[in-house]
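What follows is a set of notes on a single structure, which appears directly below.
The values are calculated or read from the model by the stated rules, or taken from the named source; none is laboratory data. As the structure is a prediction and not an experimental result, all values here were calculated from the model. We place every Cβ from the backbone using ideal geometry, glycine too, and count neighbours over all the protein chains shown.
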């Protein structure tokens, strides 16, 4: 396999790998298409691969004993699916699957384990785990202390951080999973944000216009700042005012 140079990699963690560590890992990385609903981690099943997401958006979902489920965090090009293996865990009750299609670079778990012996890689990936835990903590904070349209604004901003452009291919089913509400409740909350001129919602798509950061308030920003501080290279794209949309090239660098 001819492997793309590290400078062509979109995944933020792989871009931060020391050159010698990346050279060791690169021959073991396999390009993979990631269609909608593709499973990256199955609940309570051995984690066979770690996937560095290059594009698209994955959901980590928690499910109760009686079958209720809710999304607890996003994974995009800033991270990896299967990160419990970094902590010596071979399986998890949570599942991870694609919500927005894309592609990635996966490596078999047994081939990934040796790279963790590299001190700088281990430090980088443990910092990433810290940011994952912080994102989970702020999901709980948002659910307990913020209203639904603020929480929706937070999730939309998190999606926007991980996807190209201002049009987000998000279904009502996905938004309901994010918020832990019924689909009818999602429609109501989207109408609230449309009334604030923050978004434009059509079937299967949400266009980001303006003001979502102000609407989300304190439930968005702390985990993102911590990622920037510890890992960097995330280059969060600004939410452009509506009059600038379409006149600029939007891409996470």
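Any residue at all in the range 46-57 that is surrounded by 15 or more Cβ atoms within 10 Å (Cβ to Cβ) and over 22 Å from residue 129 (Cβ atoms)? Within the range 46-57 (the criterion being surrounded by 15 or more Cβ atoms within 10 Å (Cβ to Cβ) and over 22 Å from residue 129 (Cβ atoms)), the answer is yes, since at least one residue qualifies. Mind checking whether some residue in the range 74-87 is in contact with a helix residue (DSSP H, G or I) (Cβ under 7 Å, 6 or more places away or on another chain), without any contact (Cβ under 8 Å) to a residue 40 or more places away in the chain and assigned by TED's automatic domain parsing to the domain that holds residue 123? Yes, the range 74-87 contains a residue that is in contact with a helix residue (DSSP H, G or I) (Cβ under 7 Å, 6 or more places away or on another chain), without any contact (Cβ under 8 Å) to a residue 40 or more places away in the chain and assigned by TED's automatic domain parsing to the domain that holds residue 123.
Of the helices (runs of 4 or more DSSP H) lying entirely inside the range 159-220, those containing at least 2 residues that are under 26 Å from residue 97 (Cα atoms) and at pLDDT below 90 are 172-179, 183-195.
Of all residues in the range 61-71, those that are out of contact with any helix residue (DSSP H, G or I) (no Cβ under 9 Å at 6 or more places or on another chain) and assigned to a strand (DSSP E or B) total 2. For the range 123-158, residues that are without any contact (Cβ under 8 Å) to a residue 24 or more places away in the chain, assigned to a helix (DSSP H, G or I) and more than 21 Å from residue 57 (Cα to Cα) total 2.
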